[in-house]
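**Student:** Got a structure here, written out as structure tokens. Questions coming.
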Amino acid sequence: MPGSEPDPQRMEAVVALCKRRGFIFPSAEIYGGFRSTYDYGPLGVQMLRNVKEAWWRSMVQLRDDIVGLDAAILGPPDIWQASGHLATFTDPLVDCRSCKQRWRADHLEPSEDGTVRCPSCASTDLTEPRDFNLMFKTHTGPVADEGSVAYLRPETAQGMFVNFKNVLQTTRKKPPFGIAQVGKSFRNEITPGNYVFRTREFEQMELEFFVPPAHAPKWFDHWVEERFRWYVELGIPEDQLRIRPHDPDELSHYSVATSDVEFLFPFGWGELEGVANRTDFDLKAHAEASGESLDYFDQAANERYVPHVIEPAAGATRSMMAFLVAAYDQDEVGGEVRTVLRLHPRLAPYKVAVLPLSKKDTLTPLAREVLGLVQRRYICDYDDTQSIGKRYRRQDEVGTPFCVTVDFDSLDDGQVTVRERDSAQQVRLPIKDLIDHLAARLDL
Ligand code: GAP
């Protein structure tokens with residue numbers, strides 16, 4: 001289990017497993033990779049979907065005060081002008097004059113005597129910091145001029161603000177209520193790194209929760225607690241998580257209070273999610289810029305107001321990395337060391353693996369029948385190659401909670417063996433009871 005010290009070996013082991021087993025590949029690898037972008041392989045895409053689905057379930061499905069949205073990724077400059085991103089969504093950039101590398105000034109640690117050195121070549125010949133805007137700029141249509149400028153969104157949040165009126169009118173929700181969105185965001189990070197922790201293309205899971213202004217502090221506390229609990233419920237040990245309130249000089253241009261949920265990554269504490277009190281900053285800014293009123297009339301109180309917004313903003317790709325790191329373990333089963341991903345069943349890429357004991361034709365029809373039965377309900381793997389021990393290890397390594405083995409006795413007694421990942425315990429049960437057995441353990 002991870003301690004509080006940086007643990008590069010653990011990180012290397014997780015990265016190697018992700019590559020070896022098809023979770024995450026460096027993007028454009030056959031061309032030498034592409035600037036810290038990553039592709040999610042057959043198991044990674046499944047797990048990432050599960051992370052996003054777990055978020056959607058807790059935010060939208062299990063609540064009646066939050067609705068969903070899927071807004072465009074491309075947007076006109078007007079949105080980003082009003083939101084303040086064109087002016088202030090910047091990081092301080094410094095160049096090393098010796099080796100020409102570029103760094104984020106706020107990530108450079110001065111030495112004890114106050115000298116700041118280039119982390120690559122140790123030169124002190126660095127430029128003064130200058131603001132670098134993180135948004136990706138592009139053009140829509142065939143003519144690339146000022147009139148066709150568009151931006152890839154650097155956060156999903158603005159989609160919720162510019163659709164506030166649409167959602168209010170079409171759903172008849174009233175504050176307190178929220179709009180949730182999951183999707184890609186893009187930032188031209190100066191120093192991407194730490195695997196998928198900081199990339200230029202990533203996925204976010206964001207909620208904008210609109211509340212009467214006086215209730216904002218109460219809802220802020222509510223969401224900090226709720227979001228911390230979400231990570232714990234999905235298997236991250238509490239002692240590897242912490243809540244860190246921002247210092248006033250760290251706050252984003254729109255926030256009066258932010259608390260991060262942080263995880264103890266192998267390289268140290270890192271943000272998983274920020275919960276911010278964005279006040280009425282965004283709705284007011286868009287109302288002023290667009291000329292549309294973005295307020296709410298409370299008929300009961302006969303009062304018109306611009307709601308304040310509490311925003312829990314999480315990274316889907318970054319959370320997936322945290323879930324993988326927290327789940328990675330090695331133990332001994334039957335005198336052999338095994339690698340096991342102790343993923344919460346909700347997050348595991350495969351829920352069940354169906355394993356015929358042998359490849360013989362006599363077993364295949366029943367094994368395929370069992371697969372058909374389970375597959376309707378759970379995403380499954382089917383594996384009939386190599387020894388059963390090796391196949392168990394392969395499933396342990398990718399976090400499959402249950403293996404169902406069909407053997408020659410199954411043909412006579414209609415029973416299968418179900419093996420549980422963490423304990424490696426096996427039970428034999430009738431095929432007719434299989435779905436109930438799995439459901440009791442997987443449908444948490
Ligand atoms: N709407 C507010 C907002 O975007 P943020 O703290 O900049 O706030 C929210 O981003 C979350 O998105 C972060 O906590 C992190 O999990 C994820 N995130 C941000 N930048 C990222 C990047 N470059 N790579 C991966 N994930 C990132």
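**Student:** Relative to the longest principal Cα axis of the chain, at what angle does helix 8-20 sit, 0 to 90 degrees, rounded to 10?
**Tutor:** 70 degrees
**Student:** Taking a virtual spin label 7 Å from the Cα of D125 along the C-beta vector, which residues in segment 74-106 bring their backbone nitrogen under 14 Å of it?
**Tutor:** So the set is 95-101.
**Student:** Let me ask something additional. Ordered by residue, what ³J(HN,Hα) values in Hz, to whole numbers, does segment 34-41 give under the Karplus form 6.51 cos²θ - 1.76 cosθ + 1.60, where θ = phi - 60° and Gly and Pro are x?
**Tutor:** Karplus values, whole Hz, x for Gly and Pro: 9, 6, 6, 10, 9, 10, 9, x.
**Student:** Also, quick follow-up: Report, by chain and number, residues whose modeled amide H sits under 5 Å from the one on V416, excluding near sequence neighbours (fewer than 5 apart, same chain).
**Tutor:** Counting only residues 5 or more places away or on other chains, the set is L429, I431.
**Student:** Relative to the longest principal axis of the chain, what angle (0 to 90°, nearest 10) does the C-alpha long axis of helix 364-375 take?
**Tutor:** Here the helix axis deviates by roughly 30 degrees.
**Student:** Expressed as a fraction of 2.2 N^0.38 Å, the rule-of-thumb size for a compact globular protein of N residues, what is the C-alpha radius of gyration of the chain?
**Tutor:** For the chain, the normalised Cα radius of gyration is 1.13.
**Student:** Going by the alpha-carbon gyration tensor, a ≥ b ≥ c the square roots of its eigenvalues, is segment 1-69 rounded (a/c under 1.5) or, if a/c is not under 1.5, prolate (a/b greater than b/c) versus oblate? Write out the running numbers ahead of the final one.
**Tutor:** On the way: a/c = 2.73, a/b = 1.54, b/c = 1.77.
Oblate.
**Student:** Once you sort the root eigenvalues of the Cα gyration tensor of segment 318-429 as a ≥ b ≥ c, which label holds: rounded (a/c under 1.5), prolate (a/b larger than b/c) or oblate (the other case)?
**Tutor:** Verdict is prolate for segment 318-429.
**Student:** Which residue, G22, G335, G389, has the most motion in a Gaussian network model of the chain that connects Cα atoms within less than 10 Å?
**Tutor:** G335
**Student:** In addition: Between D436 and H139, what FRET efficiency comes out of the Förster formula 1/(1 + (r/R0)^6) with R0 = 60 Å and r the beta carbon distance, rounded to 0.05?
**Tutor:** Efficiency computed from Cβ-Cβ geometry: 0.55.
**Student:** Right, another one. With the full set of protein chains in place, find how many percent of the accessible area of segment 308-422 is carbon and sulfur; take the probe as 1.4 Å.
**Tutor:** About 48 percent, which is the carbon plus sulfur part of the accessible surface.
**Student:** Something else now. Points 7 angstrom from Cα along the Cβ direction at T364 and R102: gap in nanometres?
**Tutor:** Going by the 7 Å Cα→Cβ label model, 5.6 nm.
**Student:** Considering amide H positions built from the backbone, and no H for Pro or chain starts, which residues 5 or more places from Y296, or on another chain, come under 5 Å of its amide H?
**Tutor:** Distant-sequence amide H within range of Y296: Y305, V306.
**Student:** A further question on this structure: May I ask you to evaluate 6.51 cos²θ - 1.76 cosθ + 1.60, the Karplus curve with θ = phi - 60°, for each residue of segment 187-199 and list the ³J(HN,Hα) values in order in whole Hz, giving x for glycine and proline?
**Tutor:** Going residue by residue, I get 9, 7, 4, 5, 10, x, x, 6, 6, 8, 4, 10, 10 Hz, with x marking Gly and Pro.
**Student:** Which order do peptides 123-133, 346-356 fall in by mean Cβ count within 10 Å, highest first?
**Tutor:** Listed from highest to lowest mean packing, they are 346-356, 123-133.
**Student:** Taking H placed 1.01 Å from N in the peptide plane, check which residues at least 5 places from R342 or on another chain put their amide H under 5 Å from its amide H.
**Tutor:** Under 5 Å from the amide H of R342 lie the amide H atoms of Y328, D329, each far enough along the sequence or on another chain.
**Student:** In a shell of Cβ-Cβ distance under 11 Å around D95, excluding D95 itself, what net charge do Lys and Arg (+1) and Asp and Glu (-1) give? Spell out each step's value before the answer.
**Tutor:** On the way: positive: R97, K100, R102, R130; negative: D125, E128.
For residues surrounding D95, the net value is +2.
**Student:** Through the Karplus equation 6.51 cos²θ - 1.76 cosθ + 1.60, θ set to phi - 60°, convert the phi angles of segment 72-88 into ³J(HN,Hα) values in whole Hz; use x for Gly and Pro.
**Tutor:** Per residue, the Karplus-derived 3J(HN,Hα) values read 5, 7, 7, x, x, x, 3, 4, 7, 5, 5, 6, x, 5, 4, 7, 10 Hz.
**Student:** Hey, what angle do you get for helix 42-56 against the long axis of the chain, alpha-carbon based, 0 to 90 degrees rounded to 10?
**Tutor:** Between the helix axis and the principal axis of the chain, the angle is about 60 degrees.
**Student:** Under 16 Å from a label point 7 Å along Cα→Cβ of L373: give me every residue in segment 332-354 with its amide N that close.
**Tutor:** Residues 352-354 fall inside that zone.
The values are calculated or read from the model by the stated rules, or taken from the named source; none is laboratory data. Bear in mind the structure is a predicted one, so any value in this text is a computation, not a measurement. Reconstructed Cβ throughout: ideal geometry from the backbone, glycine too, with neighbour counts over all protein chains shown. When the accessible area is computed, the model is the full protein with side chains, heavy atoms only, and any ligands, DNA or RNA have been set aside. Shrake-Rupley method; radii C 1.70, N 1.55, O 1.52, S 1.80 Å.
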